[in-house]
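K.L.:
One structure, pasted below without further comment.
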Number of protein chains: 2
Amino acid sequence: MSSARERTYDVVVLGAGSTGENVADVVVKGGLSAVLVESELVGGECSYWACMPSKALLRGTEVLTEARAVDGAKQAVTGEQDVAATLARRDSFTHGWDDSSQVDWVQGAGIDLVRGTGRLAGERAVVVTDADGNGTRLTARVAVAVCTGSVGKLPPVDGLADVDPWGPREATSAKEAPARLLILGGGYVGCEMATAWQALGSQVTLLQRGDRLLPRSEPQAGEAVTEALRAAGVDVRFGVGVTAARREGTEVVLTAGDEEYRGDEVLVAIGRAARTTDIGLDTVGLEPGEYLPVDDTLQVDGLPWLYGVGDANGRQLLTHMGKYQARQAAAAIVARSRGEQVDGAAWSPTAATADATATPSVVFTMPQVASVGRTAADAREAGLPHRVVEYPIGSVAGASLFADGYTGTAVAVVDTEREVLLGVTFIGPGVAELLHAATIAVVGEVPIARLWHAVPAYPTMSEIWLRLLETWRDGD
Amino acid sequence: MSSARERTYDVVVLGAGSTGENVADVVVKGGLSAVLVESELVGGECSYWACMPSKALLRGTEVLTEARAVDGAKQAVTGEQDVAATLARRDSFTHGWDDSSQVDWVQGAGIDLVRGTGRLAGERAVVVTDADGNGTRLTARVAVAVCTGSVGKLPPVDGLADVDPWGPREATSAKEAPARLLILGGGYVGCEMATAWQALGSQVTLLQRGDRLLPRSEPQAGEAVTEALRAAGVDVRFGVGVTAARREGTEVVLTAGDEEYRGDEVLVAIGRAARTTDIGLDTVGLEPGEYLPVDDTLQVDGLPWLYGVGDANGRQLLTHMGKYQARQAAAAIVARSRGEQVDGAAWSPTAATADATATPSVVFTMPQVASVGRTAADAREAGLPHRVVEYPIGSVAGASLFADGYTGTAVAVVDTEREVLLGVTFIGPGVAELLHAATIAVVGEVPIARLWHAVPAYPTMSEIWLRLLETWRDGD
């Protein structure tokens, strides 16, 4: 460390992804000063290597699939997707991996930014080391918020690290489609990237250790996505435990039992781990590499000045939930700085209540899987009295207008005592925007009796709501 | 009348459109017997001449517009929409205007059907006259439900009836695109049909008497649709009061002041009137041609055995609201037949509460206009304390992924005392399925404070909800 500077802020935020940005923004709006510490791009994974580029890679395929499913329109789709243009469009969303516009936003929001690697250095202190080895010591009068996110996990497979595998970052930022792409893992990243790259020209092989895709969703979701991936030409394999990896020339070879799988690249998408390994957690008595243990105000247990927000706490690894937690945590920080009592009561402005029972997510496969709240399995495990109601979306007029031969399923989990929705899953083309209605119903705890008065406009796909209510009323 | 039969049912339903079908279905499920009386096609306007065929005419244009708005995908759209295939697809939804499948459904549901023209003949009596002049006298032990719907109005324009004008029926069932189509009226039928036929090959001229399109929606809706129609080549004229019409050969000529407008067909879409002219209302002391005066259980004022359901009562001329009223009215009929007290209390299972303040509707123009509840003007007129919150949908990540250069607007009307939503309007491409979230929020009276916990999945267009909440919080 050639020179050291010292600065004091109300709030020091470690990590300038969307979660950190939101913490800083809300505390500044609440009258506190804040600084963001970032070693990579301001804006984080979501903007550059996750949500935005992945959805940009998928959108062209999606809309062409939709057009080809409408007789009369499909006759106009006589050409092929322009892959180079799709990749260029993807690059436009990541601004060519340049974060100037985000930095402009940070400055405009009255937030300071320090570039470099930040590490906790005891209570309320963060030391940032920049690329030249210069250090800045930041002291937080009020709070430090750790928003360092998560990283893709590498499984303990012999030789895997040496074959230069893709993680989600490489999969979303690749400059061209590999001829043959192997994917390890059938969660949402594996499924989305299989959908995207197969359509953009790769021959994709998807290797799943377990016996279904999207294992945390309703089982109908994994079944539908498996069928669709296979119909698109993806080689989907279950029960494949890869034990070794090697390169033969430019070829990647994965070994699983007696089988070998060969490709040009391999994407490892088996899950994520806390990005807390090298951030000085040991200086405050916490375990490096672990998710931060927090309460519903996102305050770290036993360290009232420390908050863990977004992926770093492991509650829900989703951009929108990180931003939600950021809003709630920042409100708690501001309230406490004013001496107000903050107790994390359910659904209060300072508690991330939705994390536990009302988290929405969309898997942008084709079909899409949009879900919120508890699955049937979740309800069973929680011992909640419930009934599952299922209806084929294709039987709804709006769906048949949307696409010829529309296939999809809606699954609702109803609390049979309180008669409210515990969770809803929509599986089918174009269902992403159907989800927020379910999110409001679950979060708002709107009684089924009242939902009968929420009339879906005809003929939209949302009419599925009426069919679910009728199916609920008529019993199983 | 060559011969007369007599039959008695618990419930006699006049009109077998979707409203009548639903009344009959629910009362039969409730243990009553029911008969449907229909002079035309079972299934009614919506199935054959309104919702379904109009949306089928629009869907191909919509999905191609969406594909052309995504760089990478648009390069694949090198051909043109196949208009003949689009018309054939439309015909598949109307089953070639054959109602056999609906008749099968009626029989399967345990409902009787009498074809012919039904007229009230005093208390609890309906006489049906079939095409051969044979009569059947139906007596209702419990109730008669009038579900005869509405018809397109013809304005008092000299000569208009003689030019064989199109109504909504002809516009949705036309076998080919007229070269030049004149449209009288800028409500949702005029706007949708202008969108559809202009894209299918007609040169459309839309004549609106007033100074904006979609006059009952938020003003931003009419502005956006006007701009889009003009960009598509439609000649949109305001302040045009047509006073005379004539045919010159095959040409239709409309006169408005000094101006003449010429076309091959003219669609009259200036609104609808009760289809109650020739149904024997005079035999029970009601005025023929008027909407039936009903309470929230859809019971006709002063005639406890008579119900007016759907368009025939004029409350909300929308298929889905007719079906909603049908469910509520049928529940009231069944409950009263069991001697239960039914008072029409707000949001009860026997009251059509949503009619008044929570009616959703979607105009399937491009951009779409999806709205529920009260507009700002409605709130003003009702004297409700409110604030209007507006946000450009195109600024949301999900919208920018959906279409390059996405343009749209969301308008929320918030009750400033109760802090709940009074109404929401979304204007933009692909917003139809965003609506149901707003409908649930309005109907469920979900407080704004709770809506903050309903997190929109990223990156969907539904993120507009977060922006609306932030705009509300930050003031105007």
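K.L.:
All but one of (1) under 28 Å from residue B:285 (Cβ atoms); (2) in contact (Cβ under 8 Å) with a residue 24 or more places away in the chain; (3) of a type outside the set (Val, Ile, Thr) hold for residue B:160; state the number of the condition that does not hold.
P.N.:
(1)
K.L.:
Identify, by number, the condition in (1) closer than 19 Å to residue A:362 by Cβ; (2) touching a residue at least 40 places away in the same chain (Cβ under 8 Å) that residue A:207 doesn't meet.
P.N.:
(1)
K.L.:
OK, next. Could you go through segment B:363-371 and let me know if any residue there is touching a residue at least 12 places away in the same chain (Cβ under 8 Å) and within 27 Å of residue B:27 (Cα to Cα).
P.N.:
Going through segment B:363-371, the residues touching a residue at least 12 places away in the same chain (Cβ under 8 Å) turn out to be B:363-371.
From what is left, the residues that are within 27 Å of residue B:27 (Cα to Cα) are none.
No: zero hits.
K.L.:
Next question, about the same structure. Could you tell me which residue of segment B:293-313 is surrounded by the most Cβ atoms within 10 Å (Cβ to Cβ), considering only residues that are assigned to a loop (DSSP other than H, G, I, E, B) and in contact (Cβ under 8 Å) with a residue 24 or more places away in the chain? Working first, answer last.
P.N.:
Taking segment B:293-313 as the starting set, the residues that turn out to be assigned to a loop (DSSP other than H, G, I, E, B) are B:293, B:295-298, B:301-302, B:309.
Those still in the list that are in contact (Cβ under 8 Å) with a residue 24 or more places away in the chain too: B:295-298, B:309.
Values: B:295: 16, B:296: 22, B:297: 23, B:298: 31, B:309: 34.
Selected residue: B:309.
K.L.:
Just the residues that are in a loop (DSSP other than H, G, I, E, B), hydroxyl-bearing (Ser, Thr, Tyr) and in contact with a helix residue (DSSP H, G or I) (Cβ under 9 Å, 6 or more places away or on another chain), please, taken from segment A:376-423. Before you say what the answer is, go through the steps one by one.
P.N.:
In the first step, residues of segment A:376-423 are kept if they are in a loop (DSSP other than H, G, I, E, B); the result is A:382-385, A:396, A:403-408, A:416-419.
When the remaining residues are screened for being hydroxyl-bearing (Ser, Thr, Tyr), the result is A:406-407, A:416.
Matches in segment A:376-423: A:406, A:407.
K.L.:
Among the listed residues B:70, B:83, B:77, B:37, identify the single one that is touching a strand residue (DSSP E or B) at 6+ places or on another chain (Cβ under 6 Å) and of a type in the set (A, V, I, L, M, F, W, C). Don't jump to the end; show me each part of the working.
P.N.:
Details: B:70 fails: touching a strand residue (DSSP E or B) at 6+ places or on another chain (Cβ under 6 Å); B:83 fails: touching a strand residue (DSSP E or B) at 6+ places or on another chain (Cβ under 6 Å); B:77 fails: touching a strand residue (DSSP E or B) at 6+ places or on another chain (Cβ under 6 Å).
One residue alone meets the criteria, B:37.
K.L.:
Tell me yes or no: at least one residue of segment B:40-57 is in a loop (DSSP other than H, G, I, E, B), within 12 Å of chain A (Cβ to nearest Cβ) and surrounded by 17 or more Cβ atoms within 10 Å (Cβ to Cβ). Write out each step before concluding.
P.N.:
As a first pass, look at segment B:40-57 and keep what is in a loop (DSSP other than H, G, I, E, B): B:40-42, B:50.
Still in the running and within 12 Å of chain A (Cβ to nearest Cβ): B:50.
This time we only want the ones that are surrounded by 17 or more Cβ atoms within 10 Å (Cβ to Cβ), so: B:50.
The answer is yes, given that some residue of segment B:40-57 is in a loop (DSSP other than H, G, I, E, B), within 12 Å of chain A (Cβ to nearest Cβ) and surrounded by 17 or more Cβ atoms within 10 Å (Cβ to Cβ).
K.L.:
Moving on. Taking segment A:214-254 on its own, how many of its residues are assigned to a strand (DSSP E or B), in contact with a strand residue (DSSP E or B) (Cβ under 7 Å, 6 or more places away or on another chain) and acidic (Asp, Glu)?
P.N.:
Pass one, segment A:214-254, residues assigned to a strand (DSSP E or B): A:235-237, A:244-248, A:251-254.
Narrowing further to those that are in contact with a strand residue (DSSP E or B) (Cβ under 7 Å, 6 or more places away or on another chain): A:235-237, A:244-246, A:251-254.
Subset that is acidic (Asp, Glu): A:235, A:251.
Total satisfying the criteria: 2.
K.L.:
I'm told residue A:131 meets every condition in (1) surrounded by fewer than 20 Cβ atoms within 10 Å (Cβ to Cβ); (2) touching a residue at least 24 places away in the same chain (Cβ under 8 Å) except one. Can you identify the failing condition by its number?
P.N.:
Of everything listed in (1) surrounded by fewer than 20 Cβ atoms within 10 Å (Cβ to Cβ); (2) touching a residue at least 24 places away in the same chain (Cβ under 8 Å), residue A:131 misses just condition (2).
K.L.:
Name the pairs: first residue in segment B:395-409 and at negative phi, second residue part of a loop (DSSP other than H, G, I, E, B) and of a type in the set (D, E, K, R), Cβ to Cβ under 8 Å, at least 6 apart or on different chains?
P.N.:
Pairs found: B:404/B:71.
The rows are residues; the columns are (1) free of Cβ contacts under 8 Å to residues at least 60 places away in the same chain; (2) surrounded by 15 or more Cβ atoms within 10 Å (Cβ to Cβ).
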| residue | (1), (2) |
| --- | --- |
| B:211 | yes, no |
| B:214 | no, yes |
| B:255 | yes, yes |
| B:265 | no, yes |
| B:273 | no, yes |
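K.L.:
Checking the structure you have, find out if any residue of segment A:16-31 is within 14 Å of chain B (Cβ to nearest Cβ), crowded, with 24+ Cβ neighbours inside 10 Å, β-branched (Val, Ile, Thr) and closer than 26 Å to residue A:196 by Cβ.
P.N.:
Yes: segment A:16-31 contains one or more residues that are within 14 Å of chain B (Cβ to nearest Cβ), crowded, with 24+ Cβ neighbours inside 10 Å, β-branched (Val, Ile, Thr) and closer than 26 Å to residue A:196 by Cβ.
K.L.:
Hey, another quick one. Given the criteria closer than 30 Å to residue B:92 by Cα, more than 7 Å from every other protein chain (Cβ to nearest Cβ) and of a type in the set (A, V, I, L, M), does residue A:34 qualify? Even if it seems obvious, please write down each step before you answer.
P.N.:
Working: closer than 30 Å to residue B:92 by Cα: no; more than 7 Å from every other protein chain (Cβ to nearest Cβ): yes; of a type in the set (A, V, I, L, M): yes.
No: the conditions fail for residue A:34.
K.L.:
Going residue by residue through segment B:353-363, is there one that turns out to be farther than 30 Å from residue B:57 by Cα, surrounded by fewer than 24 Cβ atoms within 10 Å (Cβ to Cβ) and facing chain A (nearest Cβ under 10 Å)?
P.N.:
Here is the first cut: in segment B:353-363, the residues farther than 30 Å from residue B:57 by Cα are B:353, B:356-357.
Narrowing the set further to residues that are surrounded by fewer than 24 Cβ atoms within 10 Å (Cβ to Cβ) leaves B:353, B:356-357.
Applying the additional criterion that residues be facing chain A (nearest Cβ under 10 Å) yields B:353.
Within segment B:353-363 (the criterion being farther than 30 Å from residue B:57 by Cα, surrounded by fewer than 24 Cβ atoms within 10 Å (Cβ to Cβ) and facing chain A (nearest Cβ under 10 Å)), the answer is yes, since at least one residue qualifies.
K.L.:
Could you please give the count of residues in segment B:297-351 that are at positive phi and of a type in the set (Gly, Ala, Ser)? Spell out how you get there, then give the answer.
P.N.:
Narrowing segment B:297-351 to residues at positive phi: B:298, B:302, B:310, B:314, B:339, B:344, B:347.
From what is left, the residues that are of a type in the set (Gly, Ala, Ser) are B:302, B:310, B:314, B:339, B:344.
So the count comes out to 5.
K.L.:
So, one more: Quick one: how many residues across segment B:314-342 are in a loop (DSSP other than H, G, I, E, B), of a type outside the set (A, V, I, L, M) and in contact (Cβ under 8 Å) with a residue 24 or more places away in the chain?
P.N.:
Taking segment B:314-342 as the starting set, the residues that turn out to be in a loop (DSSP other than H, G, I, E, B) are B:314-318, B:338-342.
Pick out the ones that are also of a type outside the set (A, V, I, L, M) and you get B:314-316, B:338-341.
Checking the rest, the ones that are also in contact (Cβ under 8 Å) with a residue 24 or more places away in the chain come to B:314-316.
Looking only at that region, the number is 3.
K.L.:
May I ask you to verify whether residue A:386 is more than 9 Å from every other protein chain (Cβ to nearest Cβ), under 30 Å from residue A:322 (Cα atoms) and touching a Ser or Thr at 6+ places or on another chain (Cβ under 7 Å)?
P.N.:
So residue A:386 passes the test.
K.L.:
While we're looking at this one, here's another question. Within segment A:406-432, which residues are within 12 Å of chain B (Cβ to nearest Cβ), surrounded by fewer than 24 Cβ atoms within 10 Å (Cβ to Cβ) and under 21 Å from residue A:458 (Cα atoms)? Walk me through how you get there before you give the answer.
P.N.:
Within segment A:406-432, the subset within 12 Å of chain B (Cβ to nearest Cβ) is A:406, A:420-421, A:424, A:426, A:428-432.
If we keep only those that are surrounded by fewer than 24 Cβ atoms within 10 Å (Cβ to Cβ) as well, we get A:406, A:420, A:429.
Correct list: A:406, A:429.
K.L.:
Another question about this same structure. Pick from A:223, A:192, A:218, A:170: which is surrounded by 15 or more Cβ atoms within 10 Å (Cβ to Cβ), of a type in the set (Asp, Glu) and touching a helix residue (DSSP H, G or I) at 6+ places or on another chain (Cβ under 6 Å)? Reasoning before the result, please.
P.N.:
Values: A:223 fails: touching a helix residue (DSSP H, G or I) at 6+ places or on another chain (Cβ under 6 Å); A:218 fails: touching a helix residue (DSSP H, G or I) at 6+ places or on another chain (Cβ under 6 Å); A:170 fails: touching a helix residue (DSSP H, G or I) at 6+ places or on another chain (Cβ under 6 Å).
Sole residue among the options that is surrounded by 15 or more Cβ atoms within 10 Å (Cβ to Cβ), of a type in the set (Asp, Glu) and touching a helix residue (DSSP H, G or I) at 6+ places or on another chain (Cβ under 6 Å): A:192.
K.L.:
When segment B:94-114 is examined, which residues are found to be buried (at least 18 other Cβ atoms within 10 Å of the Cβ) and within 28 Å of residue B:174 (Cβ to Cβ)?
P.N.:
B:94, B:99, B:102, B:103
Values in this text are rule-based calculations from the coordinates and carry no lab data. All values reported here derive from a predicted model rather than from experimental measurement. We place every Cβ from the backbone using ideal geometry, glycine too, and count neighbours over all the protein chains shown.
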